[in-house]
Every structure is written in structure tokens, then in C-alpha cells.
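Just below is one structure, and these are the notes that go with it.
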Amino acid sequence: DERGGNMMGSDQLAASMARTGGMQPPNPMAQMQAGGAVAQGGPTAQEIVDYARYIGIDPIADVNLLWIAEEALCASLPEGWTEHHDAAGNVFYYNTITGVSSWEHPLDEYYRSLFLKLKKILIDNRAAYKVNDAAVAIQCGIRCHYARVSFRRLLGKKRLDDASTDIQAVYRGHLVRLKVREESIRQWEELEKFSATRLQATYRAHLTRRGISKKREEWKREWRRRAACKLQGVWRGHVGRKIAREEEMYQALELDEYAVTKLQSTYRGHRGRIKFRARKKQLAIDRILAAAAKLQAVYRGHLARMEANAERELQMAEIEFEAALRLQATMRGHWGRQLARLRRRTYLATKLQSVYRGHIGRLDVMVLRRFLAATKLQSTYRGHVSRRFMVHHRQVVAIIRLHEWEQACSLKLQSVWRGHAARKRAAAPRGG
């Protein structure tokens, strides 16, 4: 697990780094894997050549083995190995099982040894080819020798002694050729067997690489298709969001313009309503003031008339009281004069008292009764005047109370009218 490798302790990583020794040359495979070359659809030709030189492959002499470098660049990390970066950004590999870290890719040594093995096999094959060429050259030489012997024999230049030698040489040559042929056949059988096995392995590797290439091409096409679909989706989303933003901007501008117009209209209506309400309120206040002034004038006239009537009643009561006092004085003067006359008569008639005592007694009784009647009359008249004064006083008090009640009623009426006007204004629609 790469996350588990990244979470290893710094002490363990430092210890494993110390076991690897000093710095080594940069690894093209690590650089290309760190740069994402494999993830982008396969390595380039320059990357293959660089990595081939890194593991010891000659791109010119060993061109038929460059597939090893390509396969190495496309290979993934073995199990237990994770990729890390140091503080300077250099790539190194860490084995979470053994705790060993390395600057080289874990598969570099494997592909290097694979190249050396295949190189040795090719060299052995070339040696077998050289042996075969030598055998062919020997056969050519022997055939040329036999041709020359036959030519000499035909020319008759050979002696009979040379015949046995020639026969022996021919037979020996024949045995040598048989041995060489058997050895060549055996080598050729081994070489054909090895070549067949190698050819099969090469063909199988070729089929595998072709299948991998096809899969890679399919993966590339699928990745490109998905990338194109993703790119199209992203672009369409971008265009859609751009159109939506422009539409929202246009709608916002239209909404702002409508809002400004509506706000202006609302504000103008608000100002008009305020002015109308102020004017209406002023007119209502003017009407209320005029009505109050009219009501106050009527009420003041009524109070003036009530006060004039009360004043007149008081004046009449005072006149009647003065008249009663004048009447009482007149009656008292009359009765005083009567008493004076009676006293003069009594004084004059003192001498006649004896004669007229009975008559004078009766007269005294009559005078006393008349005096008592006058006193009773005065008392009755004074009571009548007092009762009339109390009646007038009560009327004045009632008038004053009526005046206070009418004033309270007028204030209550004004308060009720103002409350009614305020409720009517509140109930009126705001847009009106």
C-alpha cells in the first residue's frame, strides 16, 4: 500500500537510505514515471532510447532488443514497493516489507539481467552460425580437392601409387565429412530446438506485446474518448455556466432596472401620498378648526345668552328682593304710623278709657291680630322671596354645570371625531 509506505517512520526511511550508499546517476525511468509519461499513454521514442542506454542496451547494435526498455517503462511497481520524493524533489523507492530504500527502480536490475541473458543467447546463436559456416567452408574445400583429383585422374598425371593414397584420403575425408555432418546435424537439431523454443517464446512475447499494444491502444482510445467526453462535458458545462451567468446578469440588469423604476414609482407614489395625506390632514384640520371655531362661537353665544339670562334673573331677584324690602319698609312705616296714631289716640283717649275700655280692648285685640297677620304676611313673603332666590341659585348652578357638561361633551366630541378621522386614514389603502 502506497499510503502505508508514505506513513513509515522517518527513522526507518533514513536507516534504509543509509544502506544504499551515496548518490547515483538520475534514473530516466523514475523521471518519466514521476512526470506521468506512462500514465499519458506510453513512453516516447527518446525516452525508450534513454532508458535503453541506462540499462546497457545499444540502441543501434541491439535495436531488436529495444522492446525490453519499452516493456520496462510500461511496467508497474512490484508488490511491496512504494514511490517517494526527498526534500530536493528526487524520486526514491521504498520496500515496505524489507525496509530497504533505493534510488533505482526495483525492476531495473531485472530488465538489465534479461537483456544480458538474451544478448548471450544471441551471441551463442551467432557462434553456432559461425561453426556452420566453417563446416560449409570445409565441405567446399573438400569438394574442390575432389574436383582437382578427378581432374588429375582424368588427365592421367597421377601415378598408381597415388591411387591408394587418394583412396585413403578420400575415405578419410569421407569419414571426416560424416563426423562433421553428424556433428553439424546434432548441432543443427539442438540449434533448431533452441531456435524453435526461442522463436516460440519470441512469438509469444510478440503476441503478448501486440495484445498489450492493442489493449494499450484500446485503453488510449477509451481514455481519449472518456477524456473527450469529459472535456466536452466540462466545455459544455463551462459554456452553459457562462450563458447562465450572462442570462443571470441580463436578468439582474433587467431586474435592477425594473427595481429602480418600481422604486422610483413607489417613492413618487409615497411622496404623493404623503403630500395628499398632509393636504388632506391640513384640510381636515382646517375643517375641524372651523367646526371647532363655529362650535365654540355657538357655545360662547349660548354661554353668553345663559349668562345674560342668569344676570337678568339675578337682577329680577334683586329687584324683587329690594321691592320686598321696600314693601316691608312701607308696611312697617304704615303700621308705625298706625301705631303712632293709635298711641296718640290712646293718649288722647286715656281719659275715655274708662268709658271705652271694653271697646278699646277689642280694638287692641283687633290691632294685635292685624299686627300678627302683617308679621305672618312678612314672614310668608320673605319665605317666598328666599324660595325664589334659591330656585334662581339652583338654576344658576345648573346652568354652570350644564356649561361644564357641554364643554366636556364638546371635548369628547372632538376626541371621537379625531379618533374616527385617524381610523379612517389608517383603514384607507396605502397606494391610494
> Considering the alpha-carbon set of region 314-432 alone, what are its Rg and its Dmax in angstrom?
Replying inline: 32.6, 116
>> Given a Förster distance of 45 Å, report the FRET efficiency between residue 384 and residue 277 from their Cβ-Cβ distance, rounded to the nearest 0.05.
In response: 0.10
> In debye, nearest 20: dipole of region 45-152 around its Cα centre with unit charges on the Cβ of K, R (+) and D, E (-)?
Replying inline: 1380 debye
>> Given points 7 Å out from each Cα along the Cα-Cβ axis, report the residue 168 to residue 346 separation in nanometres with one decimal.
In response: 24.0 nm
>> Ignoring ligands, DNA and RNA, please state the percent of accessible area on region 45-152 from carbon and sulfur, probe 1.4 Å.
In response: 60 percent
> For q = 0.24 Å⁻¹, what log10 I(q)/I(0) does region 45-152 give under the Debye formula with an equal point scatterer on each alpha carbon and no solvent?
Replying inline: -1.23
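So, counting K/R as plus one and D/E as minus one, what does the shell of residues with Cβ under 13 Å around residue 224 add up to?
After counting each charged neighbour, the total is +3.
Suppose R0 equals 56 Å; then what is the FRET efficiency for residue 255 and residue 421 from their Cβ-Cβ distance, rounded to the nearest 0.05?
Details: r = 40 Å, r/R0 = 0.72.
In this case the efficiency is close to 0.90.
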> Over region 45-152, what is the relative contact order in whole percent, taking alpha-carbon pairs under 8 Å and six or more residues apart?
Replying inline: 17 percent
> What accessible area per residue comes out for region 45-152, rounded to a whole number of Å², with a 1.4 Å probe?
Replying inline: 55 Å²
>> Let me spell out the model: positive unit charges on the Cβ of Lys and Arg, negative unit charges on the Cβ of Asp and Glu, origin at the Cα centre of region 254-391. What dipole size does that give, in debye rounded to 20?
In response: 900 debye
> Near residue 214, within a Cβ-to-Cβ distance under 11 Å, what is the net charge of the other residues, with Lys and Arg +1 and Asp and Glu -1?
Replying inline: +4
> Along the charge dipole of region 45-152, which of 103, 46, 123 sits closest to the positive end, that is, farthest toward it, with unit charges on the beta carbon of Lys, Arg, Asp and Glu (+1, +1, -1, -1)?
Replying inline: 123
> Calculated FRET efficiency, residue 217 and residue 138, Cβ-Cβ r, R0 51 Å, to nearest 0.05?
Replying inline: 0.50
> Which entries in 130/193; 119/179; 119/193; 275/424; 215/242 show an alpha-carbon gap greater than 28 Å?
Replying inline: 119/179; 215/242
> If Lys and Arg each add +1 and Asp and Glu each add -1, what is the summed charge of the other residues whose beta carbon sits under 14 Å from the beta carbon of residue 329?
Replying inline: +3
>> Positive end of the dipole of region 263-380, charges at C-beta (+1 Lys, Arg; -1 Asp, Glu), about the Cα centre: which of 303, 291, 354 has its Cα farthest in that direction?
In response: 291
> Quick one: if you stick a label point 7 Å off each Cα along the C-beta vector at residue 61 and residue 404, how many nm between them?
Replying inline: 14.0 nm
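The values are calculated or read from the model by the stated rules, or taken from the named source; none is laboratory data. Being a predicted model, the structure only gives us computed values, none of them experimental. Here the Cβ is made from the backbone with ideal geometry for all residues, glycine too, and neighbour counts use every protein chain on show. Ligands, DNA and RNA are excluded from the accessible area calculation, which covers all protein heavy atoms including side chains. Shrake-Rupley method; radii C 1.70, N 1.55, O 1.52, S 1.80 Å.
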